[in-house]
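Below: the structure, in structure tokens.
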Amino acid sequence: MAVTLKDVAALAGVSRSAVSRCFTEGASVSAKTRAKIEKAADQLGYRPNALASSLTTGRTKLIGLVSNNFHNPVFLEVFDRFTRGLQDRGLRPLLVNLTDETDPANSLRMLRQYSVDAVIVASSTLPVSFAERFHAAGVPVVHSFGRHSPGARVTVVGIDNVEAGRIAATELIRRGYRRVAMLAGPKSATSTQDRLKGFLGALEARGDISVTTSYARAYSFEAGWDEMRRLLDEGPPAEAYFCGDDVLSIGALAALKDAGMQVPGDVGIVGLNDMEMARWQNIDLTTIRQPIDAVVETSIELVCAMLEDPDFHPASRLLPCHLVERGTLRPA
């Protein structure tokens, strides 16, 4: 038989309401009574029912963690950090897979059924309007890895993707490449649009450098391999590529290797994210580091602040990114 609140009250010699208050956040109970109740609970192995306590407090402590990037291995790191970080704060993540989903109404309907206290949209491809739909419905929301825009109505945490594109272009110029290209992610993704804008903007004044652009169908290994294979079939490759994501870079590296080409001897590659796989010795990818740990930690802190202060004012938090030197670009 499961141990009940009544059993704890009987062993501690207190009322059931005292036991209930002891396990209700913010409720008043004396230190002496609390000590007796906790001792009795430990003896019996009692743990309060989280769902039952939510009926008393009006808080489920459920945080909807919404993403559409499940095919990208970097989000294994993202989900690992989010779930552990939320749990460490006594919150419970509810993971929602939005792959191929474009209408926020569907996810809003589902999350309302579970009475989530807040939502984290973890995606670099969804427009900010997706997160704004939750905000309009009165659900506290943070868009992690989202697009910064002045006057945004929701809180966004991420990097300046335009600046990331500039960093990539500057590095290719500094290393003497004169035929460069961007192998970008999906054309509709906000991260693709911004990274390409920064990349082309840094190169537009350079008449001695030729630039081409192509798009992968998704942020995935297969899409990166397929796009690089297509480019190689069309003719000689560029001297160096800025791939709009590490997983695209790794796919492109595999396609180049299959074609008998050397990196960085024949072709240079620079990625973006600094996912764990990029550091593997057999990949050794030069990339622009997105501070995933800081994005996640900042997002969780902001969700907690929103739960404490219903009048919390939305803001954009842009975190710095920088180049990580490894072995896929030739030396400057």
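Restricting the range 88-126 to residues that are among the polar types (S, T, N, Q) and under 28 Å from Ser188 (Cα atoms) leaves a set whose member that is modelled with the lowest pLDDT is Thr102.
With respect to Ile250, determine if the residue is within 18 Å of the chain's Cα centre (by Cα), among the β-branched types (Val, Ile, Thr) and either at pLDDT 95 or above or crowded, with 20+ Cβ neighbours inside 10 Å (or both). In short, no. Output the residue which, of all residues in the range 274-323 that are β-branched (Val, Ile, Thr) and in a helix (DSSP H, G or I), is nearest to Ala252 (Cα to Cα). Here the residue is Ile292. Can you name the number of the only condition in (1) surrounded by 15 or more Cβ atoms within 10 Å (Cβ to Cβ); (2) at pLDDT below 95 that Asp309 fails? Condition not satisfied by Asp309: (1). At least 2 residues being farther than 30 Å from Ala240 by Cβ and assigned by TED's automatic domain parsing to the domain that holds His71 is the threshold, and among the helices (runs of 4 or more DSSP H) wholly inside the range 89-175 those reaching it are 104-113, 128-136.
The numbered conditions (1) over 11 Å from Thr190 (Cα atoms); (2) under 11 Å from the mean Cα position of the chain (by Cα) are all true for Gly138 except (2). For the range 70-118, the set of residues classified as within 28 Å of Ala223 (Cβ to Cβ) and among the β-branched types (Val, Ile, Thr) consists of Val74, Val78, Thr83, Val96, Thr99, Thr102, listed by residue number.
The values are calculated or read from the model by the stated rules, or taken from the named source; none is laboratory data. The structure displayed is predicted, hence computed values, not measured ones. When we count neighbours, we look across all protein chains shown, and the Cβ atoms used for this are built from the backbone with ideal geometry, even at glycine.
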